[in-house]
Amino acid sequence: MRTTRLLLRSGLTLAAAAAFPTWLAGPSAALSGISVSTIGTTVSVVTSACTQSNGSWGNASLLNSGQTAFAQGRQVALAGTTVSQSAAWSGVSPGTYTVVVVCSNGGTAGTQSVIVSSAPAAPTTSSTTRSAAPAPARGVMGGLGGAARDYGPLTLGIGAALVGSGVIATGWYLRKRSKPYRL
């Protein structure tokens, strides 16, 4: 009887632990499926969310703060392989922009904001004063951690499984410690 209850509790715990990573990884699909970066006045976007259809991966659009629709922005066709697709815009003036990627099947791979600052001037030896760079118009573009790197559901699931294992092991250890010693 005692073994049956122990097995039932263990089974329920394992079922909860198995569902925990899936629950935690679920919202990551709602996060942006693109990665945007800037180098000087060049903005680039990388994604792996699109599939090729009729010889096209899809398009990416760079929208300034006054534009709201995909068609209004500077559009570039995605290029790449089944592993990764990318697009880039050069000569982008300083400001805040939104990058939108639409796959060839019509689905949006992601949307992300980016701030382009002015290109740093070449250093001179005769100049001793420094000019202050203008502050970004909307402040820091923080988020849920996806601003630096977009982790997929597999990575989040593995992390959640490790955290869940630690919680289960801690509970098991504390339960064992709460029982009186039997001689």
Index of the failed condition, V100 passing every other in (1) modelled with pLDDT of 90 or more; (2) exposed (fewer than 10 other Cβ atoms within 10 Å of the Cβ)
(2)
Of the residues that make up the range 115-122, is at least one open to solvent by 50 Å² or more (accessible area, probe 1.4 Å), out of contact with any Ser or Thr (no Cβ under 9 Å at 6 or more places or on another chain) and over 18 Å from S35 (Cα atoms)?
yes
Can you tell me which of (1) open to solvent by less than 50 Å² (accessible area, probe 1.4 Å); (2) assigned to a loop (DSSP other than H, G, I, E, B); (3) under 21 Å from P153 (Cβ atoms) is the one N105 doesn't meet?
(1)
Within the range 135-153, restricting to residues that are open to solvent by 60 Å² or more (accessible area, probe 1.4 Å) and touching a helix residue (DSSP H, G or I) at 6+ places or on another chain (Cβ under 8 Å), the one that is modelled with the highest pLDDT is P153
Cβ pairs under 9 Å, 6+ apart, first in the range 149-174 and among the acidic types (D, E), second modelled with pLDDT under 85 and outside any helix (DSSP H, G or I)
D150/L31; D150/S32; D150/G33
Say whether the condition of being within 25 Å of G152 (Cβ to Cβ) and touching a residue at least 40 places away in the same chain (Cβ under 8 Å) is met by at least one residue in the range 62-72.
no
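The values are calculated or read from the model by the stated rules, or taken from the named source; none is laboratory data. Values in this document were obtained by computation on a predicted structure and should not be read as measured data. All Cβ positions, glycine included, derive from the backbone under ideal geometry; neighbour counts span all protein chains shown. Side chains included, ligands, DNA and RNA excluded: accessible areas come from the protein's heavy atoms. Shrake-Rupley method; radii C 1.70, N 1.55, O 1.52, S 1.80 Å.
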